[in-house]
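Here is the structure we will look at, set down as structure tokens.
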Amino acid sequence: MRIGLLTEGGYPCATGESRIWCDRLVRGLHQHEFDVYALGRGAGGERAGRPAAPPPAHVRRVRTAPLWDDGPDGAVPGAEGPGSGGGAGLAPAAHAGRLPRAAGSGARAAGTGRTPGPWTYGRRDRRRFAEHFERLATALCRGGAAVGAGDGAHEDFAEGLYGLAELAGARGGLGGALRSESALRALEAACRAPGARRSAHAATVPDHLALADRLERLLLPLSLDWYGPDGLAAADLCHAASGGTVALPGLLAKRFFGTPLLVTEYGVRLRAHYLAGGGTALGAPVRTLLAAYHRLLAAEVYRQAALVTPGNAHVRRWQERCGADRAKLRTVYPGREAERFAAVGEGSDQGDPGTLVWVGTAEPAKDLVGLLHAFARVREAEPGTRLRIVAAPVRDERAAAYLAHCRVLAAQMFPDEAATAHAVGDNPVSFEEIGGPEAPGPADAYAAGCVVVLSSVVEGFPVTLVEAMLCGRATVSTDSGAVVEVIGGTGLVVPPRNPRALADACVALLRDPARRARLGAAARARALELFTVEQNVAAFRALYLEALSLAPVRRADEALDRYGDPLPFAHPAEAYVPGHRTPGSGPASGFGSGSGPGRTGATGAGERPQAGDGRRVPAWAVHAEPAEPAGAASGGGHG
């Protein structure tokens with residue numbers, strides 16, 4: 001089948017866990033064809049449009065579009081010329097200036113053009129925009145605090161969003177309409193209308209301007225040219241590798257073409273937005289209304305998705321709270337490469353019996369300060385114990401400052417000790433870096449000690465804990481995030497922010513080698529069963545088939561009996577072979593034009609295809625682009 005993979009700041013245009021997971025998924029499902037649609041996250045850090053590594057051959061194309069981060073003054077970086085950041089996929093009229101060809105395999109350059117300000121719209125289009133945007137703004141200001149609240153906010157949000165999407169497609173993008181006087185008046189009226197939130201009533205003109213600026217960026221996917229007959233309209237399935245904005249193109253494909261949508265979340269984007277909202281310079285009204293937008297978007301994505309795959313029970317609870325139907329939820333744990341840790345996990349060396357190991361990213365949420373206080377108690381019970389803190393390379397100033405603070409605290413709490421009067425003192429706490437001489441890789445760090453410690457107060461899915469389990473190490477962890485779900489009885493779990501309990505658990509394992517061996521063996525067996533790449537890929541292979549089997553097949557020429565019921569076996573079975581057929585090589589069966597299992601075949605000249613749920617497909621989605629030579633960047637060139 002043909003998969004439209006939607007990513008944000010990930011595969012194939014960035015580094016990190018998101019890119020690695022997507023790459024493993026694509027390479028593991030080589031029997032399918034993939035079209036990758038990547039939303040870049042900003043002008044800095046993410047190399048939008050420049051893949052970190054060439055995609056495999058069955059990736060037909062890679063299309064990118066920038067989603068700019070906030071500048072220092074709240075402006076959109078590169079607004080005067082989007083070409084400064086690179087990226088493709090915008091509709092010809094989505095931004096002012098010239099859009100360059102994005103570098104990378106199969107990336108497609110958008111055309112050039114001027115931004116259609118609201119003054120270029122006709123009277124009817126201006127009225128349509130005002131109507132749809134007013135419904136969207138009213139939904140943000142009036143409700144959406146809980147699913148099924150009865151305030152109509154969710155219905156208004158959906159209709160306003162889809163109305164703006166159809167207008168953007170028909171007119172080549174929304175352009176400057178979202179910053180127009182009409183949009184600002186609609187925001188002001190919605191904030192002051194009866195029944196609006198109390199915080200919305202307090203919004204000022206600068207708040208309206210800031211909110212319009214943020215909404216323009218959040219609604220940028222509406223103006224992309226990804227929805228044509230050879231884009232998401234031709235996909236058999238849309239797979240969003242995250243929730244939130246990245247799922248918005250899949251939401252539109254579901255609305256207008258009936259393409260089933262699969263949403264994968266290993267971290268809750270709504271929760272991340274809540275946590276990050278307090279660290280911005282935006283006023284309280286803007287933060288409240290943006291939170292309402294993300295909450296309403298999450299609810300609509302969960303409602304329209306055929307299947308939703310949380311990465312753990314913690315994410316699943318968030319999704320259910322946001323309105324996800326339990327019947328659609330399928331927990332799929334992220335996978336790790338077991339081969340990288342096989343030498344340590346299957347070896348006879350159980351590590352230094354007097355060494356504790358901590359591995360992770362140095363940040364306040366990991367509570368290294370509490371770990372140092374717990375280690376002080378461990379040293380009182382077992383004087384010869386050592387603690388190795390192996391951190392990932394520091395990438396920002398806050399992490400560097402926190403790590404420096406922990407180093408100073410460790411030096412104060414544990415002065416250098418010497419065995420004799422003529423020996424050089426040594427600190428029992430060592431700070432190392434993954435990739436350094438002491439720990440070239442994560443497996444070497446876990447192999448150094450007999451017990452691996454996790455001291456986090458906030459944790460999502462504990463990747464380092466899974467790696468320690470694959471290494472066959474006994475673990476002591478704090479009860480945060482999905483820790484208990486991952487451990488499953490193969491390690492010791494204590495309350496967070498409790499150094500005494502953490503120390504007691506560590507001492508219990510240090511004094512019992514047999515127990516450490518039993519827990520380590522059980523942990524490795526559990527990790528091999530649940531948390532490997534093979535398990536993850538196999539789960540999505542089955543989910544693709546399940547999602548496609550739930551999608552209705554609608555044909556304009558459906559054979560019916562005299563009672564109006566469909567005739568079974570009235571149409572021959574369809575087959576879809578990946579690749580492109582040369583003209584004249586066989587009967588016209590829709591190859592290369594988006595037909596496949598569960599999808600309507602090629603549309604004849606002058607016809608307008610039906611959406612999957614019976615709605616008429618908008619005219620803007622039917623007009624095909626001019627044909628391009630084989631092998632062109634916009635045509636299915638292999639990566």
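From the list A57, A52, the one residue that fits, being in a loop (DSSP other than H, G, I, E, B), over 19 Å from L218 (Cβ atoms), modelled with pLDDT under 95 and in contact with a Ser or Thr (Cβ under 9 Å, 6 or more places away or on another chain), is A52. Scanning the range 122-153 for residues being touching a helix residue (DSSP H, G or I) at 6+ places or on another chain (Cβ under 7 Å) and modelled with pLDDT under 90 gives a total of 8. Residues in the range 347-401 that are polar (S, T, N, Q) and under 36 Å from the mean Cα position of the chain (by Cα): T361 only. When residues in the range 224-244 are screened for being polar (S, T, N, Q) and at pLDDT 90 or above, 0 of them pass. Listed by first and then second residue, the pairs with beta-carbon distance under 6 Å, at least 6 apart or on different chains, first residue in the range 1-21 and more than 22 Å from K254 (Cα to Cα) and open to solvent by less than 10 Å² (accessible area, probe 1.4 Å), second part of a helix (DSSP H, G or I) and modelled with pLDDT of 80 or more, are G10/R19; G10/C22; Y11/R19; Y11/C22; Y11/D23. Residues in the range 228-239 that are open to solvent by 10 Å² or more (accessible area, probe 1.4 Å) and either among the aliphatic types (A, V, I, L, M) or closer than 24 Å to L178 by Cα (or both): G228, A233. Quick check, is E534 charged (D, E, K, R) and either modelled with pLDDT of 95 or more or within 25 Å of G28 (Cα to Cα) (or both)? Answer is yes for this residue.
Of the helices (runs of 4 or more DSSP H) lying entirely inside the range 288-386, those carrying at least 3 residues that are over 25 Å from V486 (Cβ atoms) are 368-381.
Among the residues of the range 268-287, the ones that are open to solvent by 40 Å² or more (accessible area, probe 1.4 Å) and either without any contact (Cβ under 8 Å) to a residue 60 or more places away in the chain or assigned to a loop (DSSP other than H, G, I, E, B) (or both) come to 12 in all. Counting the residues of the range 204-217 that are in contact (Cβ under 8 Å) with a residue 40 or more places away in the chain and open to solvent by less than 10 Å² (accessible area, probe 1.4 Å) gives 2.
Residues in the range 442-461 that are under 28 Å from the mean Cα position of the chain (by Cα) and assigned to a helix (DSSP H, G or I): P442, A443. Residue pairs whose Cβ atoms lie under 7 Å apart, sitting 6 or more positions apart in sequence or on different chains, and linking a residue in the range 376-401 that is under 24 Å from V451 (Cα atoms) to a partner that is among the basic types (K, R) and modelled with pLDDT of 90 or more, are R377/R500; T385/R379. Within the range 300-316, the only residue that satisfies the criterion of being closer than 21 Å to G460 by Cα, open to solvent by 10 Å² or more (accessible area, probe 1.4 Å) and among the hydrophobic types (A, V, I, L, M, F, W, C) is A313.
For (1) without any contact (Cβ under 8 Å) to a residue 40 or more places away in the chain; (2) surrounded by fewer than 22 Cβ atoms within 10 Å (Cβ to Cβ); (3) closer than 20 Å to L290 by Cα, each residue gets a yes or a no:
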site	(1), (2), (3)
G176	no, yes, yes
R185	yes, yes, yes
C191	no, no, yes
A241	no, no, no
V246	no, no, yes
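Per the listing P442, P462, P499, the residue uniquely farther than 28 Å from Y266 by Cβ and either open to solvent by 10 Å² or more (accessible area, probe 1.4 Å) or not polar (S, T, N, Q) (or both) is P499.
The values are calculated or read from the model by the stated rules, or taken from the named source; none is laboratory data. Quick caveat: nothing in here was measured; it's all calculated off a predicted structure. A quick note on method: Cβ atoms are made from the backbone with ideal geometry, for glycine too, and the neighbour counts reach across all protein chains shown. Accessible surface is based on the protein model in full, side chains and every heavy atom, while ligands, DNA and RNA are left aside. Shrake-Rupley method; radii C 1.70, N 1.55, O 1.52, S 1.80 Å.
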